[in-house]
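Worksheet: one structure, shown below.
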Amino acid sequence: MPSLGADMQFGTIVDWRVKPGDAVKRGDVVALVETEKGVIEVEIFESGVVESLVVQPGQKVAVGATLAILNGGAPAPVKAPDRVAIVQPTVPIAAEMPAQRDVTAPESQRLRVSPLARKRAEELGFDLSSLTGSGEGGAITVGDVEKASARAKTATVSSIAAPVTAAKGLDLGAMRRVIAAAMARSKREIPHYYLATTIDMRKSLEWLATENGKRPVTKRLLYSALLLRAVALALRTTPELNGFYIDDVFKPAEGIHIGVAISLRQGGLINPAIHDVDKKNLDELMGNMLDLVNRARTGHLRSSELSDGTITVTNLGEQGVESVFGVIYPPQVALVGFGTITERPIAANGMVGVHSMIDATLAADHRVSDGHRGGRFLLAIERLLQEPEKLYGN
Amino acid sequence: MTAATIKTTYREAMRAAIREALVRDERVFLMGEDVGRYGGCFAVSKGLLDEFGPERIRDTPLSESAFVGAGIGAAMGGARPIVEIMTVNFSLLALDQIVNNAATILHMSGGQFNIPLVIRMTTGAGRQLAAQHSHSLEGWYAHIPGIKVLTPATLEDARGMLWSALEDPDPVLIFENGLLYNMEGELAADAGAVDISTAAIRRPGKQISLITYGGTLFKTLTAADELAREGIDAEVVDLRTLRPLDTATIIDSVARTHRALIIDEGWKSGSISAEIMARIMENAFYDLDAPLARVCSVEVPMPYPKHLEDAAIPQVPTIVAAARRVVTGHD
């Protein structure tokens with residue numbers, strides 16, 4: 001059971017995507033695991049052939065427990081024992097696998113819903129895709145539908161005090177506790193320093209308007225993609241903001257994987273990472289962002305996305321917030337915040353003009369970097385956004 | 001219970017039913033291997049030879065095909081024979097008579113000849129009688145149009161099904177699970193004929209239908225008690241009759257509980273349990289909230305050693321575990 005977040009202690013196997021005898025290679029999605037943060041697709045670290053599945057769907061095991069046994073089909077790189085356990089040996093499970101399980105890749109997209117649950121959802125006009133099931137193999141049962149439907153009703157009635165329980169099988173109470181633990185730890189351990197600057201977005205927005213004018217609606221770019229690109233490229237020159245602080249040592253990250261804070265409709269927060277943002281062009285990035293938001297909100301994130309973020313970007317512009325001073329997500333060492341774009345009178349070159357401005361902030365770990373470096377980083381972002389045509393990437 | 005009950009056993013109830021039939025209808029006679037002087041291989045007919053004489057309690061040679069055929073002929077001639085076959089395994093020797101003759105003659109004769117024949121036989125494992133005396137093949141017979149297949153499990157049914165079977169104008173097979181003969185209990189003193197066409201809800205419940213019959217009924221009821229202690233409210237359906245299957249009662253139960261587990265001492269492949277699942281899928285698909293499941297015998301010839309035989313057939317813990325899995329989605 002891999003750790004899918006700094007404070008994860010247990011995970012529940014929701015479904016296996018492989019069966020004994022299947023050949024797998026590093027990076028394949030092998031299982032769905034439910035954590036307090038939702039249902040996560042777990043990728044495998046090693047290549048080989050699945051020898052047996054140790055943990056059955058529905059079972060909750062501790063991080064570090066063996067989920068399955070691999071038989072090293074392909075020669076393993078360094079430590080090459082014949083049988084590579086994913087992690088450590090654990091409780092033996094006697095239960096036999098059902099003879100026929102839904103394991104083929106294309107089918108994995110199909111929701112597992114009991115016939116009765118499907119019928120009931122239709123009667124209630126309830127969208128099943130927002131649910132995670134409690135039945136066998138994560139199947140949605142009629143109980144899941146009725147509970148979620150009842151909650152949806154209470155939620156719409158008592159508009160503001162949105163209950164911290166989700167329509168999804170994901171436990172928002174638990175998620176709130178996880179956020180609480182991570183944020184408390186952050187404020188307890190990390191000596192934050194904060195910087196803010198205001199960036200002129202006029203050139204970026206003009207460039208976007210021209211660029212989008214040539215594009216069909218579905219291919220249009222959002223300024224938030226430009227911001228991500230600017231952050232990624234600025235990080236190349238300030239590596240001390242990109243990495244992890246673990247056991248009193250800063251480890252710069254090799255790639256630039258930006259965690260994007262996504263608020264969930266039912267409440268709660270998740271920050272899955274977009275990998276190698278500095279190496280992607282804006283179109284790729286747009287695709288990644290849309291995909292991530294969709295999957296985050298339907299609970300289909302991959303393990304590497306949840307644990308790989310090397311820095312977090314939070315964008316509260318949509319909410320009309322002008323500046324956000326964030327709390328660093330440990331063990332990361334920096335968080336970049338963007339507010340909303342507002343038109344402001346700006347005096348420049350002896351004239352007052354109306355410019356579209358955005359507040360960019362940095363919360364960074366003073367154990368690793370100083371205000372001077374942080375300032376250079378924000379300045380680099382600002383400069384990059386003045387030459388938007390160069391931000392597109394290859 | 002009121003004062004008007006008697007303490008009895010399944011064996012005694014069955015004997016009382018045969019005796020009543022012999023008294024009530026002079027066309028009734030019993031024949032089979034060792035039913036007379038030996039009193040029946042499982043002592044069901046003990047004492048009947050003395051009371052009714054060798055004309056009506058007839059010992060036969062070890063020749064199932066011959067004496068089942070004789071029963072068919074007697075039934076065609078107007079008698080009401082009860083033929084006892086020692087175990088279901090031996091009935092295979094008479095398969096030609098049962099399937100090709102008893103089941104078809106009404107049809108082949110253009111409706112001229114009914115075969116009002118009753119064949120009783122023992123079925124099931126659990127008594128260390130090994131692989132040639134212990135199988136549960138009643139599901140096979142349920143495949144055959146033209147015959148009825150009864151599986152009395154309770155004292156009431158042991159006492160009451162025989163007379164109804166004799167009243168039926170067509171061949172009826174009664175399967176008595178060998179483990180039930182010694183079962184004791186209270187039975188109404190005036191117990192008599194019961195219907196032989198409906199299933200019975202032996203225990204009402206809301207969360208899962210445990211569908212079973214014969215020898216596994218009481219294991220299933222015990223399992224339902226254990227499930228209740230875990231907070232799972234199980235309904236127990238006793239099929240009573242495997243052919244014709246009371247589909248309406250099954251579907252009605254599943255439509256209320258939305259889940260079903262079938263418990264059958266027969267093997268899974270091509271079995272009555274498979275037939276029940278098929279009917280649920282045909283009739284109650286949109287009422288299901290979980291995949292159907294089965295607890296059946298392991299697909300091996302029945303082992304002789306006790307621990308292996310116990311492991312081969314449905315037991316209370318396996319029923320409880322399977323039901324729990326269906327209801328909760330996990331072990």
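Every condition in (1) under 16 Å from residue B:316 (Cα atoms); (2) within 14 Å of chain A (Cβ to nearest Cβ) is met by residue B:227 except one, and the failing one is (2).
Of the residues making up region B:139-161, none is more than 22 Å from residue B:213 (Cα to Cα), in a loop (DSSP other than H, G, I, E, B), touching a residue at least 40 places away in the same chain (Cβ under 8 Å) and among the small types (Gly, Ala, Ser).
Rundown of residues vs (1) surrounded by fewer than 18 Cβ atoms within 10 Å (Cβ to Cβ); (2) in contact with an Asp or Glu (Cβ under 7 Å, 6 or more places away or on another chain); (3) among the basic types (Lys, Arg); (4) not assigned by TED's automatic domain parsing to the domain that holds residue A:375, yes/no style:
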{"residue": "A:256", "(1), (2), (3), (4)": "no, yes, no, no"}
{"residue": "A:283", "(1), (2), (3), (4)": "yes, no, no, no"}
{"residue": "A:313", "(1), (2), (3), (4)": "no, no, no, no"}
{"residue": "A:320", "(1), (2), (3), (4)": "yes, no, no, no"}
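Yes/no per residue for (1) in contact with a strand residue (DSSP E or B) (Cβ under 8 Å, 6 or more places away or on another chain); (2) over 30 Å from residue A:127 (Cα atoms); (3) at pLDDT 90 or above:
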position	(1), (2), (3)
A:302	yes, no, no
A:308	yes, yes, no
A:319	no, no, no
A:333	yes, yes, yes
A:339	yes, yes, yes
A:349	no, yes, no
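Scanning region A:107-132 for residues that are more than 8 Å from chain B (Cβ to nearest Cβ), in a loop (DSSP other than H, G, I, E, B) and closer than 25 Å to residue A:60 by Cβ turns up A:110, A:111, A:112, A:131, A:132.
Inside region B:74-98, residues that are under 19 Å from residue B:22 (Cα atoms) and part of a helix (DSSP H, G or I) make up a count of 3. Return the total of residues in region B:306-315 being buried (at least 18 other Cβ atoms within 10 Å of the Cβ) and either within 14 Å of chain A (Cβ to nearest Cβ) or within 17 Å of the chain's Cα centre (by Cα) (or both). Counting residues in region B:306-315 that are buried (at least 18 other Cβ atoms within 10 Å of the Cβ) and either within 14 Å of chain A (Cβ to nearest Cβ) or within 17 Å of the chain's Cα centre (by Cα) (or both) gives 2. Being assigned by TED's automatic domain parsing to the domain that holds residue A:325, surrounded by 15 or more Cβ atoms within 10 Å (Cβ to Cβ) and touching a Gly at 6+ places or on another chain (Cβ under 8 Å) holds for only one residue in A:224, A:204, and it is A:224.
Can you spot a residue in region B:2-22 that is free of Cβ contacts under 8 Å to residues at least 40 places away in the same chain and among the small types (Gly, Ala, Ser)? Yes, region B:2-22 has at least one match.
Each row is one residue, and each column tells you yes or no for (1) under 20 Å from residue A:201 (Cβ atoms); (2) in a helix (DSSP H, G or I); (3) under 25 Å from the mean Cα position of the chain (by Cα); (4) among the hydrophobic types (A, V, I, L, M, F, W, C).
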| site | (1), (2), (3), (4) |
| --- | --- |
| A:354 | yes, no, no, yes |
| A:358 | yes, no, yes, yes |
| A:378 | yes, yes, yes, yes |
| A:382 | yes, yes, no, no |
| A:394 | no, no, yes, no |
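Within region A:178-205, the only residue that satisfies the criterion of being in a strand (DSSP E or B) and among the charged types (D, E, K, R) is A:200. Every listed requirement among (1) away from chain A (no Cβ under 14 Å); (2) in contact with a Cys (Cβ under 9 Å, 6 or more places away or on another chain) is met by residue B:237 save one, (2). Taking the listed residues A:209, A:232, A:225, the one that is within 26 Å of residue A:342 (Cα to Cα), in a helix (DSSP H, G or I) and in contact with an Asp or Glu (Cβ under 8 Å, 6 or more places away or on another chain) is A:232, with no other qualifying. The test for being touching a Gly at 6+ places or on another chain (Cβ under 9 Å) and assigned to a helix (DSSP H, G or I) does not hold for residue A:290. State which residue pairs qualify: first residue not assigned by TED's automatic domain parsing to the domain that holds residue B:91 and inside region B:113-130, second residue hydrophobic (A, V, I, L, M, F, W, C) in any location, beta carbons under 9 Å apart, and separation of 6 or more residues or different chains. Final answer for the pair search is none. Of all the numbered requirements in (1) over 24 Å from the mean Cα position of the chain (by Cα); (2) more than 14 Å from every other protein chain (Cβ to nearest Cβ), residue B:303 misses one, and that requirement is (1).
The number of residues in region B:25-65 being closer than 14 Å to residue B:15 by Cα, without any contact (Cβ under 8 Å) to a residue 40 or more places away in the chain and either of a type in the set (Phe, Trp, Tyr) or outside the structural domain of residue B:92 (by TED's automatic domain parsing) (or both) comes to 1. For region B:262-301, the set of residues classified as surrounded by fewer than 22 Cβ atoms within 10 Å (Cβ to Cβ), of a type in the set (Asp, Glu) and assigned to a loop (DSSP other than H, G, I, E, B) consists of B:299 only. Filtering region B:23-44 to residues that are crowded, with 20+ Cβ neighbours inside 10 Å and farther than 16 Å from residue B:86 by Cβ leaves B:28, B:29.
Within the set A:196, A:209, A:234, the sole residue that is of a type outside the set (D, E, K, R), over 23 Å from residue A:325 (Cα atoms) and modelled with pLDDT of 90 or more turns out to be A:209.
Remark: pairs (first residue in region A:262-291, within 18 Å of residue A:390 (Cβ to Cβ); second residue basic (Lys, Arg) and crowded, with 16+ Cβ neighbours inside 10 Å; Cβ separation under 7 Å; 6+ apart in sequence or on different chains) = A:277/A:229; A:282/A:229; A:285/A:229.
Taking the condition modelled with pLDDT under 85 and either basic (Lys, Arg) or surrounded by 15 or more Cβ atoms within 10 Å (Cβ to Cβ) (or both), does residue A:136 pass? Taking the combined requirement at face value, the residue satisfies it.
Restricting to region A:19-59, what's the tally of residues that are within 24 Å of residue A:297 (Cβ to Cβ) and not in a loop (DSSP other than H, G, I, E, B)? The qualifying residues number 13. Being more than 21 Å from residue B:139 (Cα to Cα), of a type in the set (S, T, N, Q) and within 14 Å of chain A (Cβ to nearest Cβ), is that true of even one residue in region B:320-330? Yes, because at least one residue in region B:320-330 is more than 21 Å from residue B:139 (Cα to Cα), of a type in the set (S, T, N, Q) and within 14 Å of chain A (Cβ to nearest Cβ).
The values are calculated or read from the model by the stated rules, or taken from the named source; none is laboratory data. Every value quoted in this text rests on a predicted model; they were computed, and no experiment measured them. Because the Cβ atoms are built from the backbone with ideal geometry, glycine has one as well, and the counts that use them run over all protein chains shown.
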